[in-house]
Amino acid sequence: MAIDLHIHSSASDGTVAPGELPALAAAANLTAAALTDHDTVDGLDDFLACQNRFPQVELIPGVELSSRIGAREIHIVGLYIDYHNSFLQDFLQQMRRSRIERATLMQAKLRSLGYEITWDDLLAIGMSDSVPGRPHFAQVLVKKYNFPDHATVFERLLKRNAPGYVPRELPPPEAAIAAIKKAGGIAVWAHLFSSRNNENNFVRRTLPALKNAGLDALEAYYSEYTPTQTANALRIANEFSLQLSGGSDFHGTLHPDVQLGCGRGNLLVPDELLDPLHRLKEPKVVLMPRAENS
């Protein structure tokens, strides 16, 4: 049986509503699914509210926090978080302010290049209440300015050092790990290999500090990994006595070739990984949304 512990919804840069993901997870015969939107927990109430409808799938509250070491962006996934935790909420508010500042600068930069993108344009693509990031701008540019696809937009305008790119201020990964741990969660280094290159030296140099900060696991199974990268991630996790996680990084139609639970057809995250992760859980984890005041 399989699990998927890295999933995005329309609460961040995915295209599927949070409340629709559990049905997809059940259809994929998953035994567990974690919603891990970028720097937001806004979709978790709707996601977790479906637990009774899909008891065969363990629905896990999560988040994917952005951080940086030098020029390298590092994402830390938090699993089994208490997403009402005040420390985590304060951290996410800081991240939200950073995203808003970046989005405003990106709007201005694209306008100077001849691409007018309004907030209404962003809402029209189903952005909901999330703060726009580069994938949202890419969707609007495809729709409004007839770019052939998102990859072309990134290549011409939005990738690092491209004309429309705006760098983003990010905290160090130790701060992201601290926010997850304060919320009783499990901290996972997501897609630790950022490309087809194995980057073993960077990972090994970085891991001692992250483990000292409280890192629990590595994302050893991932849609973009080659078999060699998966083997290296498993080996490194064993060397550093870290647990294992994995997921598809599903975004819906934003990346249509990546499917929930199976990635590009090459992914199977074994549900045997769940028991060790369960043993890491803090006892004060909120698994269901708070009831609304009557």
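Computed from the coordinates by the stated procedures, all read-outs in this text should not be read as laboratory data. Given the structure is predicted, the values throughout are model-derived calculations rather than measurements. For neighbour counting, all protein chains shown are included, and Cβ atoms are generated from backbone atoms with ideal geometry for every residue, glycine included.
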Going Cα to Cα from residue 144, which lysines come in below 22 Å? Please leave out same-chain ones fewer than 8 positions away.
109, 159
Any idea what angle helix 200-213 forms with the longest principal axis of the chain, computed on alpha-carbon atoms, 0 to 90 degrees, nearest 10?
70
If the reach is capped at under 29 angstrom between alpha carbons, list the lysines near residue 181, excluding any in the same chain fewer than eight residues apart.
211, 281, 284
Choice from 223, 67, 241 with maximal GNM fluctuation in the chain (Cα, 10 Å cutoff):
241
I want the antiparallel fraction of DSSP beta bridges within the chain, as a percent rounded to 5.
45
One quarter of the convex hull surface, Cα atoms only: what value does that give for the range 94-158 in nm²?
4.1
Computed about the Cα centre, the charge dipole of the chain from +1 Lys/Arg and -1 Asp/Glu charges at the Cβ has a magnitude in debye, to the nearest 20, of 920
Projecting the Cα atoms of 153, 132, 24 onto the charge dipole of the chain, where Lys and Arg contribute +1 and Asp and Glu -1 at Cβ, the residue farthest towards the positive end is 153
Please state, as a whole number in µm²/s, the translational diffusion coefficient that the Stokes-Einstein equation yields for the chain at 10 °C and 1.306 mPa s, with Rh defined as the Kirkwood radius across alpha carbon pairs.
82
Here the relative contact order (percent) of the chain, from C-alpha pairs under 8 Å and at least 6 apart, is 24
Point-to-point label distance, residue 234-residue 271, nm (Cα→Cβ direction, 7 Å offset):
2.0
Ranked highest first by average number of other Cβ atoms within 10 Å, how do 109-117, 229-237, 8-16 line up?
8-16, 229-237, 109-117
